[in-house]
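The structure appears right after this line, and notes come after that.
The values are calculated or read from the model by the stated rules, or taken from the named source; none is laboratory data. Source: prediction; values computed, not measured. Quick reminder, even Gly has a Cβ in these numbers, built from the backbone with ideal geometry, and neighbours come from all protein chains shown. Side chains included, ligands, DNA and RNA excluded: accessible areas come from the protein's heavy atoms. Shrake-Rupley method; radii C 1.70, N 1.55, O 1.52, S 1.80 Å.
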Protein chains: 2
Amino acid sequence: MATLIAPDDFSAVADAEALKKAFHGWGTNEKAVIAILGHRNAAQRKLIWKAYEEKYQENFIKRLESELSGHFEKAMYRWIFDPSDRDALLVNVAIKKVPDYRVIVEMSCIKSPEDFLIVKRAYQIRYKRSMEEDVAAQTSGDMRKLLVALVGVHRYAGGEIDTKLAKSEADILNKAIKDKVLNHDEIIRIISTRSKAQLMATRNHYKDDHGISISKHVTHSPSSEFSSALRAAIKCLTEPKKYYEKVLRNALKQKGTDEDALTRVIVTRAEVDLEEIKDLYYKRNNVTLEHAVAKETSGDYKSFLLTLLGKND
Amino acid sequence: MATLIAPDDFSAVADAEALKKAFHGWGTNEKAVIAILGHRNAAQRKLIWKAYEEKYQENFIKRLESELSGHFEKAMYRWIFDPSDRDALLVNVAIKKVPDYRVIVEMSCIKSPEDFLIVKRAYQIRYKRSMEEDVAAQTSGDMRKLLVALVGVHRYAGGEIDTKLAKSEADILNKAIKDKVLNHDEIIRIISTRSKAQLMATRNHYKDDHGISISKHVTHSPSSEFSSALRAAIKCLTEPKKYYEKVLRNALKQKGTDEDALTRVIVTRAEVDLEEIKDLYYKRNNVTLEHAVAKETSGDYKSFLLTLLGKND
C-alpha cells in the first residue's frame with residue numbers, strides 16, 4: 001500500500017498558479033511547495049508540470065531547481081519526474097558513481113519484468129544508449145557478469161513452478177555456496193534467469209533441505225562487494241520489502257545518515273508499498289519510521305519526507 | 001523486399017473451404033494447399049486458421065499435420081504460425097538440440113530489439129519460461145556467456161554513433177582477436193551490448209585502422225564452435241543479408257542438403273527481405289536461388305519453397 005496522500009479531485013492549473021506564487025519574490029515558500037507536490041500522485045504531478053509550462057512559458061524543472069536546495073531539492077528532483085524516467089535517472093547516477101551496485105540490483109530485481117522494461121526504454125530515450133551497455137562498460141569481472149545478467153534478463157513473470165528443478169537448483173546453489181565459490185557461473189545463471197516464483201521455490205527448498213537460509217549462507221563466505229551484491233539480488237528477488245526495510249535501517253543508523261538511500265526508498269516506494277515497509281520497520285526497530293526520519297533529518301527535507309510517509313499536515 | 005506474392009483481396013472463409021476440400025478423401029491435394037497458403041501473408045493465414053476452426057470445429061494445425069508429411073509438412077508447420085510464435089518455436093527447437101547456436105544467434109542479432117522482445121514474449125507464453133533461462137540452462141562455459149548475453153540484451157535501436165568510442169572499441173577488439181583470446185570478456189561485452197549502428201561504426205574503424213575485416217580476422221584463431229558463433233553474431237549484427245546468403249549457400253551445397261536451414265531462411269524471410277537475399281545469392285553463386293533450390297529439393301517441398309521464393313504458378 002502507498003503512503004502518499006493525494007486528493008482524488010484537483011486542478012493542475014490551480015496548483016501551477018499556487019506554485020508560481022510560492023516561487024515568487026525573495027525566498028521560496030517551501031511549505032506551500034511541499035503541501036502541493038507532496039500530495040500529488042505521478043499522473044497529477046505530470047499534469048501540473050505541463051500546466052505550469054503552458055501557462056508561464058518557463059521550464060518548470062529548472063525553476064524548481066533554482067528555488068530549492070540541498071537534500072530537499074534532490075528529493076524533489078527525484079519526486080517530480082515520471083517514475084520510469086526517475087528510475088532511469090537513478091540507475092544512470094548509480095552507474096556513473098563507483099558504480100553503486102545496490103541501485104542497479106534493486107531496480108532490476110524488484111520491479112516486475114514489464115515495469116523494468118519500461119525503465120530500460122526510458123533510459124534509452126534519455127541517454128541514447130542501453131542500460132546494458134552502460135553497466136557493462138562501467139564494470140568488470142564478476143560484478144559485470146552479475147549486473148549485466150540482472151539488467152539484461154527479461155524474466156518469465158508467470159507463477160508456474162517446477163518443484164524438481166527448484167530442488168536440484170537449490171542443491172547446485174548450496175554446493176557452490178558451501179565451497180565459497182560465490183562467483184560460480186551456475187549461481188549467476190540461476191539467480192539472474194529464473195522467474196521470481198521459481199526462485200521462491202528454490203529458496204524454500206534451500207532452507208528446508210540445507211537448514212539455513214540462502215542469503216544467510218552467502219555471508220559465510222568472505223565479505224566482498226560481489227557477495228553483498230549477490231545477497232542484495234537474492235533479497236530483492238525474494239523479499240523486496242524486507243530488503244527496503246534494511247536499506248532504511250542502515251541509512252538511518254549511519255553516522256551522518258545516508259540521505260541518498262533514504263530519499264531513494266521513500267520517493268520510489270511512497271506510491272507503491274511504503275506502508276508495508278513502514279510496518280516492517282516498526283516491527284524490526286521498535287520505533288516508527290516517521291520517528292526515526294524526524295530524528296535524523298531536518299528542515300524542509302524532513303517535512304517533505306514525512307509528507308511522503310503519509311503524515312497529514 | 002518480400003518475395004511472397006499475396007493478393008490484396010481475399011476471403012478467409014473461401015480459403016478455409018478450399019482447404020477443407022483439399023484435405024478431403026484419400027490423398028491430400030497438396031497443390032491446392034500450396035496455391036492457397038503459399039500465397040497468403042501472416043495476417044491472412046491467421047484469419048484463415050480462425051475461419052477454418054470456426055466453420056469446421058476442428059483443430060486446423062492438427063489437421064494440416066495429418067494431411068502433410070516430410071520436409072513439406074515441417075516447412076508448412078513453420079509457415080502457418082504467427083511469425084513471433086514460429087520464431088519462438090524455432091529457438092526452442094534450437095535450444096533443445098545440441099543446442100544449435102546458429103538459430104539463437106540469428107534471432108537475437110538480426111531482429112530489431114523490439115521485434116526480438118515480441119519473440120521473447122511469445123516464447124514465455126508458449127513455454128512458461130524465459131528464453132534466457134532455457135538458453136542458460138542448456139549451455140555452459142563461453143558459449144553460455146555469449147548466447148545468454150545476446151539473448152538477454154535489449155539493445156539501443158537509435159542511430160546515434162560515438163566515433164571516439166567506435167575507434168577505442170575497435171582497438172580493444174583487435175587486441176583480443178590478435179591475441180587469439182576470442183572469449184575475452186571485452187569482446188563479449190562489446191558485441192552483446194552495443195547498438196547495431198555503433199557496431200557498424202566499430203566494424204568500419206576495425207577495417208580502416210587494422211586493415212582486415214573483423215569477421216575475417218576472427219577466423220585466424222583456431223576454429224571452434226565458439227569462434228563460429230562469435231563470427232555469426234558479428235555477421236548477423238552488421239550484414240544480416242550476407243549472413244543469410246551464406247546460410248543458404250552452405251545448406252544447398254551440402255551433400256544431402258540441410259533442409260532445416262533452407263526451410264528456416266526461406267520461411268522466415270519470405271515476408272521480409274528474401275528478394276535482396278536472392279540477389280546476393282545470384283551475385284555470389286552465378287545461379288539463381290530458385291534454380292539451386294529446384295535442383296536440390298523435390299516434390300511438394302520444392303513447389304512450396306519455390307512459391308515462397310516468388311515463383312508465380
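Length, then width, then depth: along the principal axes, the Cα atoms of the stretch A:47-171 run 62, 32, 27 Å. Can you pull out the buried accessible area for chains B and A, both sides counted, probe 1.4 Å, rounded to the nearest 100 Å²? Between B and A, the summed buried area is about 2400 Å².
Put a dot 7 Å past the Cα of B:F10, heading toward its Cβ, do the same for A:D82, and the two dots end up 3.8 nm apart.
Note on the stretch B:191-244: dipole from Cβ charges, positive end direction compared against B:A232, B:H210, B:Y244; the farthest Cα belongs to B:Y244. Around the amide H of A:V272, modelled in the peptide plane, lie the amide H atoms of A:T3, all under 5 Å away and 5 or more residues distant in sequence or on another chain. Between A:T28, A:H291, A:A75, the Cα set farthest toward the positive side of the dipole of chain A (charges on each charged residue's Cβ, about the Cα centre) is that of A:H291. For chain A, a crude dipole built from +1 on the beta carbon of Lys and Arg and -1 on the beta carbon of Asp and Glu, taken about the Cα centre, is about 680 debye to the nearest 20. Measuring with a 1.4 angstrom probe and ignoring ligands and nucleic acids, B:F10 comes out at about 50 Å² accessible. Computed with a 1.4 Å probe over protein heavy atoms only, the accessible surface of the stretch A:239-286 comes to 46 Å² per residue.
Protein-only accessible surface at a 1.4 angstrom probe places the residues A:K97, B:K246 in the order A:K97, B:K246, largest first.
Taking the axis that rotates chain A onto chain B, the chain A residue nearest to it by Cβ, with the distance rounded to whole Å, is A:G152, 2.
Label-point spacing for A:G159 across the identical copies (point 7 Å from Cα in the Cβ direction), in nm and ascending order: 4.7. How would the stretch A:188-229 be classified by its alpha-carbon gyration tensor: rounded, prolate or oblate, with rounded meaning a/c under 1.5 and the a/b versus b/c comparison settling the rest? Cα axes put the stretch A:188-229 in the oblate bin. Note that the stretch A:25-72 presents 55 Å² accessible area per residue, ligands and nucleic acids not counted, probe 1.4 Å. Full extension of the chain segment joining B:E65 with B:H291 gains 78.6 nm, where the gain is 0.36 nm per residue of separation less the Cα-Cα distance. Only protein heavy atoms count here; on that basis, with a 1.4 Å probe, A:R121 has an accessible area of about 80 Å².
In the stretch B:115-137, comparing the full protein assembly with the chain on its own, the residues that lose 20 Å² or more of accessible surface at a 1.4 Å probe are B:L117, B:R121, B:Q124, B:K128, B:S130, B:E132, B:E133, B:A136, B:A137.
Over the protein assembly as shown, the hull volume per residue, using the convex hull of the C-alpha atoms, is 207 Å³. Summary for B:A2: label point 7 Å along Cα→Cβ; distances to the equivalent points in the other copies, ascending, 4.4 nm.
Rounded to the nearest percent, how much of the accessible area of the protein assembly as shown (1.4 Å probe, protein heavy atoms only) is carbon and sulfur? The value for the protein assembly as shown is 52 percent carbon and sulfur by accessible area.
Rounded to the nearest Å, what's the spacing between the alpha carbon centres of the stretch B:197-258 and the stretch A:162-201? Just the number, please. The stretch B:197-258 and the stretch A:162-201 have Cα centres separated by 35 Å. Rounded to the nearest 20, the Cβ-based charge dipole of the stretch B:204-291 about its Cα centre (Lys and Arg +1, Asp and Glu -1) stands at 320 debye.
Taken about its Cα centre, the stretch B:92-191 carries a charge dipole of about 340 debye when Lys and Arg each add +1 at the Cβ and Asp and Glu each add -1 at the Cβ. Amide H to amide H, with H built 1.01 Å from N, A:S130 comes under 5 Å of B:Y156, counting only residues 5 or more places away or on other chains. Tell me, which residues of the stretch A:175-193 get at least 40 Å² less accessible area when the other protein chains come in, versus the chain alone (1.4 Å probe)? Those are A:D185, A:R189, A:T193, which lose 40 Å² or more relative to the chain on its own. Shown for A:R126: label points 7 Å from Cα along the beta-carbon vector, and their distances to the equivalent points in the other copies, 3.6 nm in ascending order.
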